[in-house]
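In what follows, a structure is listed as structure tokens, so that the remarks can point back to it.
The values are calculated or read from the model by the stated rules, or taken from the named source; none is laboratory data. What you see is a predicted model, and the numbers here were worked out from it, not measured in a lab. Cβ: placed from backbone, ideal geometry, glycine included. Neighbour counts: every protein chain shown.
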Amino acid sequence: MKINLIKGDITKMKVDAIVNAANSSLLGGSGVDGAIHRAGGSSILEECQQIRNKQGKCKTGEAVITNAGNLPAKKVIHTVGPVYQKGESNEKELLVNCYKNSMLLAKENGLHSIAFPCISTGIYRFPKQIAAEIALSVIKSNPILDEVIFVCFDNENYTIYKNLLSYE
Ligand code: ADP
């Protein structure tokens with residue numbers, strides 16, 4: 001399994017699946033969620049709404065899959081990251097579940113490449129260094145896809161991932 005790192009905007013990625021750091025409503029939000037819905041158009045939100053009507057909210061750590069509308073990716077996997085409180089509310093395990101469940105959902109749908117944003121490290125305030133260590137370790141211990149790309153939007157996350165990947 002190839003692991004790649006780029007600095008940029010995940011909505012531009014031409015991969016089988018991009019992952020959205022969604023909220024449990026699945027009805028859109030700010031940050032990367034807003035960017036994906038803006039660039040992808042209304043068909044993504046429509047499918048999110050259908051999923052909500054069927055199963056209700058998406059629980060933290062779980063993931064759902066939709067079409068990717070106008071995006072170059074084939075599918076969008078929406079996962080709900082934990083809001084970081086003091087680190088005593090299972091935040092780490094829940095973040096592990098986000099990465100694991102997104103990978104599994106991609107695999108189940110016959111997808112081979114996936115691009116992740118730095119889940120929970122924006123509005124949800126997960127400490128970036130710890131979040132990056134978790135992301136890399138989950139991906140490495142679950143090599144079930146052909147390619148994983150970490151897409152860092154901000155310099156701080158990009159530097160953290162670059163350093164972690166260079167120690168391999
Ligand atoms: P969360 O609520 O899970 O913290 P955010 O969207 O606030 O989600 O932030 C998650 C990460 O996504 C942050 O590191 C932020 O810099 C990054 N981000 C924001 N916009 C984009 C984008 N267009 N492409 C990739 N990453 C993005």
Across (1) out of contact with any strand residue (DSSP E or B) (no Cβ under 6 Å at 6 or more places or on another chain); (2) crowded, with 23+ Cβ neighbours inside 10 Å; (3) of a type in the set (A, V, I, L, M), Ala17 clears everything bar (1)
Given (1) among the hydroxyl-bearing types (Ser, Thr, Tyr); (2) touching a residue at least 60 places away in the same chain (Cβ under 8 Å); (3) in a loop (DSSP other than H, G, I, E, B), index of the condition Tyr84 fails | (2)
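If you take the residues of segment 23-36 that are near the ligand (Cβ under 8 Å from one of its atoms) and not in a helix (DSSP H, G or I), which of them is nearest to Glu62 (Cα to Cα)?
Kept after step one, since they are near the ligand (Cβ under 8 Å from one of its atoms), are these residues of segment 23-36: 23, 29-36.
Then keep just the ones that are not in a helix (DSSP H, G or I); that gives 23, 29-30.
Working: Asn23: 11, Gly29: 17, Ser30: 19 Å.
Across segment 23-36, the extreme among qualifying residues is Asn23.
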Just one of the numbered conditions (1) under 20 Å from Ile36 (Cα atoms); (2) surrounded by 19 or more Cβ atoms within 10 Å (Cβ to Cβ); (3) out of contact with any Leu (no Cβ under 9 Å at 6 or more places or on another chain) is not true of Glu91; which one?
-> (1)
In segment 120-149, residues that are buried (at least 17 other Cβ atoms within 10 Å of the Cβ), outside any helix (DSSP H, G or I) and near the ligand (Cβ under 10 Å from one of its atoms) total 5
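Out of all the residues in segment 105-113, is one or more touching a helix residue (DSSP H, G or I) at 6+ places or on another chain (Cβ under 7 Å) and either of a type in the set (A, V, I, L, M) or more than 12 Å from the ligand (Cβ to nearest atom) (or both)?
Our first condition is that a residue be touching a helix residue (DSSP H, G or I) at 6+ places or on another chain (Cβ under 7 Å); within segment 105-113, this holds for none.
Scanning segment 105-113, I find no residue that is touching a helix residue (DSSP H, G or I) at 6+ places or on another chain (Cβ under 7 Å) and either of a type in the set (A, V, I, L, M) or more than 12 Å from the ligand (Cβ to nearest atom) (or both), so the answer is no.
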Sole exception among (1) out of contact with any Cys (no Cβ under 9 Å at 6 or more places or on another chain); (2) more than 10 Å from the ligand (Cβ to nearest atom); (3) basic (Lys, Arg); (4) at pLDDT 95 or above for Arg52, by number = (1)
Is at least one residue of segment 98-119 modelled with pLDDT of 95 or more, surrounded by fewer than 20 Cβ atoms within 10 Å (Cβ to Cβ) and more than 23 Å from Val15 (Cβ to Cβ)?
-> no
Residue check: is Ile36 crowded, with 17+ Cβ neighbours inside 10 Å, in contact with a strand residue (DSSP E or B) (Cβ under 8 Å, 6 or more places away or on another chain) and over 20 Å from Lys128 (Cα atoms)?
-> yes
Output the residues belonging to segment 150-168 that are under 18 Å from the mean Cα position of the chain (by Cα) and assigned to a loop (DSSP other than H, G, I, E, B).
-> Phe153, Asp154
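Restricting attention to segment 151-166, and to residues there that are without any contact (Cβ under 8 Å) to a residue 60 or more places away in the chain and among the β-branched types (Val, Ile, Thr), which single residue is farthest from Arg125 (Cα to Cα)?
Within segment 151-166, the subset without any contact (Cβ under 8 Å) to a residue 60 or more places away in the chain is 154, 156-157, 159-160, 163-164, 166.
In the following step, the residues that additionally are among the β-branched types (Val, Ile, Thr) were identified as 159-160.
Working: Thr159: 18, Ile160: 16 Å.
So the residue we want is Thr159.
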